[in-house]
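**Student:** This is the structure, below, for whatever I ask next.
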Amino acid sequence: MPKMKTKSGAAKRFKVRASGSIKRGQAFKRHILTKKTTKNKRHLRGITGVNERDVASIHAMLPYA
């Protein structure tokens, strides 16, 4: 059987932690920042986990992760 290909876009966006959970970057902090409050932008910093409903589809995109 041939090897399964990893979706390159998903490989750039998601990383699998040692516990098996998947981490992702926060959205909504690229542009149009003037109308967002300072508190809102501060809470959008850093990384967060992927929702459990989306884990199966991300594992399908990252077969060897």
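Any read-out appearing in this document is the output of simple, stated calculations on the displayed coordinates, not a laboratory observation. Given the structure is predicted, the values throughout are model-derived calculations rather than measurements. All Cβ positions, glycine included, derive from the backbone under ideal geometry; neighbour counts span all protein chains shown.
**Student:** By count of other Cβ within 10 Å, fewest leading, how are I58, I22, I32 ordered? Don't skip to the answer; put the middle values down first.
**Tutor:** On the way: I58 18, I22 21, I32 8.
Taking fewest neighbouring Cβ atoms as first place, the list is I32, I58, I22.
**Student:** Hey, what do the phi angles of region 42-53 turn into as Karplus ³J(HN,Hα) couplings, whole Hz, using 6.51/-1.76/1.60 and θ = phi - 60°, x for Gly and Pro?
**Tutor:** Coupling constants for region 42-53: 5, 6, 8, 6, x, 10, 8, x, 8, 4, 5, 6 Hz.
**Student:** With a cut-off of 8 Å between alpha carbons and a minimum separation of six or more residues, what is the relative contact order of the chain in percent? Each step should come with its number before you reach the end.
**Tutor:** Values: 53 pairs, mean separation 27.2, N = 65.
Dividing the mean separation by the residue count of the chain yields 42 percent.
**Student:** Then there is this: Kindly write out, for region 28-38 in residue order, the coupling ³J(HN,Hα) from the Karplus curve 6.51 cos²θ - 1.76 cosθ + 1.60 (θ = phi - 60°), rounded to whole Hz, with x marking Gly and Pro.
**Tutor:** Residue by residue, region 28-38 yields 6, 9, 9, 8, 6, 8, 5, 8, 8, 6, 4 Hz.
**Student:** Right, next: Looking at the chain from every direction and averaging, what is the projected area of its Cα convex hull in nm²? Walk me through the numbers before you get to the answer.
**Tutor:** On the way: hull surface 23.1 nm².
Taking the Cα atoms of the chain, their convex hull projects to 5.8 nm² on average.
**Student:** Over 29 Å between Cα atoms: which of K3/K29; K15/K39; K15/K35; K5/K41; K15/K41; K7/K35 fall into that group?
**Tutor:** K3/K29; K15/K35; K5/K41; K7/K35
**Student:** Another question about this same structure. For the pair K35/A56, report the inter-label distance in nm, with labels modelled 7 Å from Cα in the Cβ direction.
**Tutor:** It works out to 3.6 nm between the two label points.
**Student:** Please get the size of the charge dipole for the chain, origin at its Cα centre, with Cβ charges of +1 on Lys and Arg and -1 on Asp and Glu, quoted in debye to the nearest 20. Could the numbers behind the result be given before it?
**Tutor:** On the way: 18 positive and 2 negative charges, 95 e Å.
For the chain, the charge dipole is close to 460 debye.
**Student:** Another one. Got a sec to turn the phi values of region 7-12 into Karplus ³J(HN,Hα) couplings, 6.51 cos²θ - 1.76 cosθ + 1.60 with θ = phi - 60°, whole Hz, x for Gly and Pro?
**Tutor:** Residue by residue, region 7-12 yields 5, 5, x, 6, 5, 7 Hz.
**Student:** While we're looking at this one, here's another question. Return the long-range amide H neighbours of L33 (sequence gap of 5 or more, or a different chain), with a cut-off of under 5 Å between placed amide H atoms.
**Tutor:** Distant-sequence amide H within range of L33: zero hits.
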